[in-house]
Each structure stands twice: as structure tokens, then as C-alpha cells.
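Student: Before anything else, here's the structure in question.
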Amino acid sequence: MKPALSRPKARAALMEELEHAVRKSSALGVIFGQTVANRVGVSSSDLECLDFLNIEGRVTAGRLAELTGLTTGAITGVVDRMEKAGLVRRERDESDRRKVFIAIVPEAVAKIGRLYEPLQKAVTRDWEGYTDAELKLLLRFMTQGYNTMLGVIDDLSTSLEKPKGKPRKPARGS
């Protein structure tokens, strides 16, 4: 008979198992997204930005940058590509013509949505087995994960943008 793990070891093992489950699910989500993106003819990051637009509705490029953690320059490229593919359009604000919103093209997004229907139905079936309290916990987990990811993206982007110091010249005679 195997001896029971101590509480700290059992918790560490459980946390490792959770980490692995999250990583596997995330990796498959990326692969699924890439498969859909390939079918649609856009990049996977463009498709993810389109999903943010689908959830949020019409937003500015700046707001899309905030939601995704991408720079406004990167978002401009994403929007250009999605507009060329017929997935989004730029709309000027009626009250301030300088302000531009990014809006989805509903007919195009509906075609993409059909590719997600089997996944959506399967996940909804899974969620039906949870209590309201469990669903609230899962929602908290996913919301915290999203906010953590935004922070980490920002930290990583900031560290990559910092200029590297000049290497020191070796002292004479070294």
C-alpha cells in the first residue's frame, strides 16, 4: 500500500496536475484556432482579435490593443489584414470624424462561427454538469487567468522594448 502524500506534497501535485491540464487545453485551443484560421485564410492572432471584436462589439483600435495586450501599431496591421479579408470594416464616429471604430462584418463572422459550433455545443454540454457555484469558480479562474495574461504580456513587451546596454570594452591587457 502506497503511503499517503503529506498535505503540502499533495497540494503541489494537484497544482502541477492543474498546470498541465491548463497547458494542454491552451495548446489545443491554439491548434484549433490555427486550424480555423487556415480555413478562413487569416493568421491565428488575427482570428483571436476578431473574437475580441465579436465579444466586445464595435471598438477603437486603441481599445482592441488594450483588450489583446498588442501595441496599437500591431493592431493596425491586424485590422488592415482583417479588412482586406472582408471580416471587419472601419467606421468613422458620426460625432467626431477623427475617431475610427473597428466593426465586424456580421455575414463573414457568421460563416466563421459555424466552424466553432461543434466545440460550443460540446463545451456547453460539459458546463451543464456543473453547479452554479462551480461555474462561478470557473468564471473567476478564467477571468483571473485573462488578467494575469494581460499583465505578463505587458511585462514581456516592456522588457523587450528596453534598449540593451552597450557591452563593456575589455580592459587593456585582458
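The values are calculated or read from the model by the stated rules, or taken from the named source; none is laboratory data. On a predicted model such as this, the values are computed, not experimentally measured, just so you know. With ideal geometry, Cβ positions are generated from the backbone for all residues, glycine too; neighbour counts draw on all protein chains shown. Note: accessible area is taken over every heavy atom of the protein model, side chains too, but ligands, DNA and RNA are not part of it. Shrake-Rupley method; radii C 1.70, N 1.55, O 1.52, S 1.80 Å.
Yes/no per residue for (1) part of a strand (DSSP E or B); (2) over 19 Å from ARG114 (Cβ atoms); (3) β-branched (Val, Ile, Thr):
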| site | (1), (2), (3) |
| --- | --- |
| ALA4 | no, yes, no |
| GLU16 | no, yes, no |
| VAL22 | no, yes, yes |
| LEU28 | no, yes, no |
| ARG39 | no, no, no |
| LEU53 | no, no, no |
| GLY62 | no, yes, no |
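Student: Against the conditions (1) among the acidic types (Asp, Glu); (2) over 24 Å from SER26 (Cβ atoms); (3) modelled with pLDDT of 95 or more, where does ASP126 fall short? Just the number, please.
Tutor: ASP126 satisfies every listed condition except (2).
Student: Only residues that are open to solvent by 100 Å² or more (accessible area, probe 1.4 Å) and either in contact (Cβ under 8 Å) with a residue 60 or more places away in the chain or not acidic (Asp, Glu) (or both): list them for the range 5-30, please.
Tutor: LEU5, ARG7, LYS9, ARG11, LEU14, MET15, ARG23, LYS24, LEU28
Student: Could you list all residues from the range 100-115 that are β-branched (Val, Ile, Thr), open to solvent by 30 Å² or more (accessible area, probe 1.4 Å) and at pLDDT below 95?
Tutor: Within the range 100-115, just VAL100 meets the criteria.
Student: Going residue by residue through the range 71-91, is there one that turns out to be closer than 30 Å to LEU18 by Cβ and free of Cβ contacts under 8 Å to residues at least 40 places away in the same chain?
Tutor: no
Student: Given (1) open to solvent by 40 Å² or more (accessible area, probe 1.4 Å); (2) part of a helix (DSSP H, G or I); (3) under 20 Å from GLY151 (Cα atoms), identify the lone condition not met by LEU70.
Tutor: (2) is the only condition that LEU70 fails.
Student: Pairs under 7 Å by beta carbon, first residue open to solvent by 100 Å² or more (accessible area, probe 1.4 Å) in the range 117-132, partner hydroxyl-bearing (Ser, Thr, Tyr) and assigned to a helix (DSSP H, G or I), six or more apart or different chains?
Tutor: Matching pairs, first to second residue: none at all.
Student: Scan the range 31-67 residue by residue and report those that are in contact (Cβ under 8 Å) with a residue 60 or more places away in the chain, open to solvent by 20 Å² or more (accessible area, probe 1.4 Å) and of a type in the set (A, V, I, L, M).
Tutor: Passing the criteria: only VAL40.
Student: So MET149 fits all but one of (1) of a type outside the set (Val, Ile, Thr); (2) closer than 28 Å to ALA61 by Cα; (3) at pLDDT 95 or above; what number is the exception?
Tutor: Looking at each condition in turn, MET149 falls short on (3).
Student: Here is a list of conditions, (1) more than 30 Å from THR71 (Cβ to Cβ); (2) at pLDDT 95 or above, and GLN144 meets all of them except one; can you say which number that is?
Tutor: Result: GLN144 fails condition (1) only.
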